[in-house]
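K.L.:
Okay, here's the structure, questions in a sec.
The values are calculated or read from the model by the stated rules, or taken from the named source; none is laboratory data. Just so it is clear, the model here is predicted, and its values are computed rather than measured. In this analysis, Cβ positions are derived from the backbone assuming ideal geometry, glycine residues included, and neighbour counts consider all displayed protein chains. Quick note on the areas: whole protein, heavy atoms, side chains included, nothing else; ligands and nucleic acids left out. Shrake-Rupley method; radii C 1.70, N 1.55, O 1.52, S 1.80 Å.
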Amino acid sequence: MRFTRFLRHGSVTAAAMSAHAGALTAARVAGREVVAIQDTSELVLGGRRARRAGYGPVGKGGGLGGLLLHPVLAVDADTGALLGLASMEVWNRSGGPVTARRRRATAAKESQRWVEGTRQAGEVLGSAASITAVSDRESDFYELFAQRPANVQLIVRACQNRRIEAPEDGLLFPVIDGQPEQGRFVVTIPAAPGRKARRAELAVRYAPVVLRRPRHGADPALPATLALTLVDVRETSLPPDGEPVHWRLLTTHAVTSLAQARRVIDMYRLRWIIEEFFRTLKTAGFDIEAADISEPQAMINFAAAATIAAVTVKQLVQARDGNTDQLLSDAFDPDEQPILEAVSATLEGKTARQRNPHSKGSMAFASWVIARLGGWTGYYGKPGPQVMRRGLQEFHAIKYGTSLVLRDV
């Protein structure tokens, strides 16, 4: 009851929650090379009532039904560690007639979220040594490149076969297809629904390109041309399941060597983190779409609060093996460390596998404690999002109980 009152309170907004989370993330990124990954996911809230009412993904307007969530996640470019939430936008489409797409300015379209997400990344993550915003094909539009902040580089998977002026007049895709290979390397493609993890050899091509402003829909005040680099990545053999990798990556980074092309590709591959994050928020951890909330504003606030919690759960899952070199303070308040250490001592057993193997003050130390609280024994498998979510809930109950004891002392 107290939580639902919180969600319905007029002073509680998704924007305020986003700003608070962004301020915490800003303190963590100082001096780091950061990748800002953004994407959009549809959330169908309302549980069984929404399904009985026949609500589709998005677009029914107020009441039960669909929301759109657009988070920007800050990730360490070298370790892949999730540092926090830079910003998020949550909204509910109102439905009704819409002016033709080409007759609307970008600011009046939903695609404006990519521009705004990039702008917020530049502001919130400004203390980072470098910022590279990474996004998939839906964000491939001219305004995003033309309006990017000066302190943000872009890597966007190309969707449009655009007109270009250089290296020769023509279309983007045929020009890069005609370039010779400039090197190959082997990577691990992670598992996904319906696809096993595999080793893949990737062939790389790259070339500078000059994009022309689109003839239709683009603001005539935008630059007539934009100088970018196109990095083309193709898997050299047909995988046993799924489609072979083929990415055409438009970037503002200079690429004049295979090492620089590999760096762009590796940063783009970090985009997989936001796909795992959405699974954590939905089926793998929180099952957010089962929430049975009828008020649109409360739904939006709930989605925002769950997004922030899902970031912490994803951080803990990433840190479970001690590979991210993150500090506990990337996800926990200073007053929570003594509680984690005390709980760890009570959970440890006599065997080596029942002891916390990680150093105090590390995120991996906290991950072990939270996983044990969530039901993981330390012996079988690795703790996933559901275990971490349960453990985090137990930890906050312990913390609350501790505060009551201290208050009464």
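K.L.:
Among the residues of the stretch 374-390, write down those that are within 16 Å of residue 319 (Cβ to Cβ) and either free of Cβ contacts under 8 Å to residues at least 60 places away in the same chain or in contact with a Pro (Cβ under 6 Å, 6 or more places away or on another chain) (or both).
P.N.:
The first filter runs over the stretch 374-390 and keeps only residues within 16 Å of residue 319 (Cβ to Cβ), leaving 374, 376, 378, 382-385, 387-389.
Once the filter is applied, which keeps residues that are within 16 Å of residue 319 (Cβ to Cβ) and either free of Cβ contacts under 8 Å to residues at least 60 places away in the same chain or in contact with a Pro (Cβ under 6 Å, 6 or more places away or on another chain) (or both), the stretch 374-390 yields 374, 376, 378, 387.
K.L.:
Would it be correct to say that residue 80 is on the phi > 0 side of the Ramachandran plot and modelled with pLDDT of 85 or more? Even if it seems obvious, please write down each step before you answer.
P.N.:
Values: on the phi > 0 side of the Ramachandran plot: yes; modelled with pLDDT of 85 or more: yes.
So residue 80 passes the test.
K.L.:
Can you tell me which of 369, 387 is surrounded by 13 or more Cβ atoms within 10 Å (Cβ to Cβ), out of contact with any Leu (no Cβ under 7 Å at 6 or more places or on another chain) and among the β-branched types (Val, Ile, Thr)? Break it down stepwise before answering.
P.N.:
Working: 369 fails: out of contact with any Leu (no Cβ under 7 Å at 6 or more places or on another chain).
After ruling out the rest, the residue left standing is 387.
K.L.:
Listed residues 281, 250, 270; which is over 20 Å from residue 86 (Cβ atoms) and in contact (Cβ under 8 Å) with a residue 40 or more places away in the chain?
P.N.:
Working: 281 fails: over 20 Å from residue 86 (Cβ atoms); 270 fails: over 20 Å from residue 86 (Cβ atoms).
The unique qualifying residue is 250.
K.L.:
Got a sec? Which of 138, 143, 116 is touching a residue at least 60 places away in the same chain (Cβ under 8 Å), under 21 Å from residue 273 (Cβ atoms) and assigned to a helix (DSSP H, G or I)?
P.N.:
Working: 143 fails: under 21 Å from residue 273 (Cβ atoms); 116 fails: touching a residue at least 60 places away in the same chain (Cβ under 8 Å).
None of the others qualify; the one that does is 138.
K.L.:
Still on this structure: Being aliphatic (A, V, I, L, M), in contact with an Asp or Glu (Cβ under 8 Å, 6 or more places away or on another chain), open to solvent by 50 Å² or more (accessible area, probe 1.4 Å) and in a strand (DSSP E or B) narrows it down to one of 186, 156, so name that one.
P.N.:
186
K.L.:
Among the residues of the stretch 152-165, are any of a type in the set (A, V, I, L, M, F, W, C), over 26 Å from residue 22 (Cβ atoms) and touching a residue at least 24 places away in the same chain (Cβ under 8 Å)? Spell out the reasoning first.
P.N.:
Of all residues in the stretch 152-165, those of a type in the set (A, V, I, L, M, F, W, C) come to 152, 154-156, 158-159, 164.
Now narrow it down to the ones that are over 26 Å from residue 22 (Cβ atoms): 158-159, 164.
Next cut, touching a residue at least 24 places away in the same chain (Cβ under 8 Å) only: 158, 164.
Looking through the stretch 152-165, at least one residue is of a type in the set (A, V, I, L, M, F, W, C), over 26 Å from residue 22 (Cβ atoms) and touching a residue at least 24 places away in the same chain (Cβ under 8 Å).
K.L.:
May I pose another question? Taking residue 353 and the conditions (1) in contact (Cβ under 8 Å) with a residue 40 or more places away in the chain; (2) over 19 Å from residue 310 (Cα atoms), which numbered condition does it fall short on, given that it satisfies the others?
P.N.:
(1)
K.L.:
Just the residues that are open to solvent by 50 Å² or more (accessible area, probe 1.4 Å) and under 20 Å from residue 83 (Cβ atoms), please, taken from the stretch 333-366.
P.N.:
333, 334, 337, 359
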